[in-house]
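One structure below.
The values are calculated or read from the model by the stated rules, or taken from the named source; none is laboratory data. Not measured: the values here are computed from a predicted model. Here Cβ is always computed from backbone atoms with ideal geometry, including for glycine, and neighbour counts include all displayed protein chains. Areas reflect the complete protein model, heavy atoms only, side chains present, ligands, DNA and RNA absent. Shrake-Rupley method; radii C 1.70, N 1.55, O 1.52, S 1.80 Å.
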Amino acid sequence: MSLLRGGDAFPPLELVEVGGPRRTIPAEFAGQYSVVLFSRGASCRSCVEQLRAFQRGLRRLSAVDIAVVALTADEEPMITELVSRYGLTFPIGHSTDVGQIAAATGAFVTMDPPQLQTTGFVLDPDGKVVISVYSCGTLGQLLPDDVLELVRELPQHADATRQEAER
C-alpha cells in the first residue's frame, strides 16, 4: 500500500450512493477540480462535522467549479439517515470495501469494525492528486476553506477563485 502524492493519478473507485446510483471517481468529475473525502462515518462526531462543513461550503466550492464526494464503510441505512438529518446534497457512497480502498489509495483503515480513517484528496481536472491529507484517526481533516485557498493558489485557477472571493 503506497500513499498517493501530488501528481499521482487517482485510481478509479466506484461509489454507490443512497438509493443505488453509482459513480466512478475520478471520471465523474473529469474537467473540474474535486474533493474526495474518506470518512469514518455517522458514528464519528468529527467526521460528521467535516461533512457538514463541506455542505456549508458547497455553494462557494461549486461557484469555482469544485465538486465534493465522500465515501464511508457505513451501510446504506446509516448514510440515508445521515444525509436526511443534515441535508447533505453532495454524493456520499456507502458500504465501501475498506480493504480495496486501502490497497488502491494507501488510506489507513481499521478492520474491527471496518472503517476508513479520515483521508482527503483534492484532484485536478485531469484526475491527478493536487494534495492528499492522510490521518490514522479523526485529526488532520481537510476543510472547505483549505481547499478554496489551495485552488486559489494554483495559477490556472487563480482568476476564477479571486473573482468569487470578491463577491
key: Single match in Val83, Val64, Val36 (criterion: in contact with a Gly (Cβ under 9 Å, 6 or more places away or on another chain) and buried (at least 18 other Cβ atoms within 10 Å of the Cβ))   = Val36
query = Looking at Ser95, is it open to solvent by 10 Å² or more (accessible area, probe 1.4 Å) and within 15 Å of the chain's Cα centre (by Cα)?
reply = no
query = Which number in (1) modelled with pLDDT under 90; (2) under 27 Å from Gly31 (Cβ atoms); (3) surrounded by 13 or more Cβ atoms within 10 Å (Cβ to Cβ) marks the one condition that Thr138 misses?
reply = (2)
task = Tell me, please, whether a residue that is on the phi > 0 side of the Ramachandran plot, modelled with pLDDT under 95 and out of contact with any Lys or Arg (no Cβ under 7 Å at 6 or more places or on another chain) can be found in region 9-20.
result = yes
request  = Any residue in region 81-102 that's under 21 Å from Leu61 (Cβ atoms) and touching a residue at least 12 places away in the same chain (Cβ under 8 Å): show its pairings with residues that are open to solvent by 20 Å² or more (accessible area, probe 1.4 Å) and of a type in the set (Phe, Trp, Tyr) at Cβ separation under 8 Å, as long as the two are six or more apart or on different chains.
outcome  = none
request  = Could you identify the single residue in Val130, Val147 that is in a strand (DSSP E or B) and closer than 23 Å to Ala9 by Cβ?
outcome  = Val130
query = Residue check: is Ala9 open to solvent by 60 Å² or more (accessible area, probe 1.4 Å), within 19 Å of Ser132 (Cα to Cα) and of a type outside the set (D, E, K, R)?
reply = yes
inquiry  = Residues that are more than 22 Å from Ala30 (Cα to Cα), modelled with pLDDT of 95 or more and not in a loop (DSSP other than H, G, I, E, B): does region 85-102 have at least one?
reply    = yes
ask   = Given the structure, is Gly127 touching a Pro at 6+ places or on another chain (Cβ under 8 Å) and open to solvent by less than 20 Å² (accessible area, probe 1.4 Å)?
value = yes
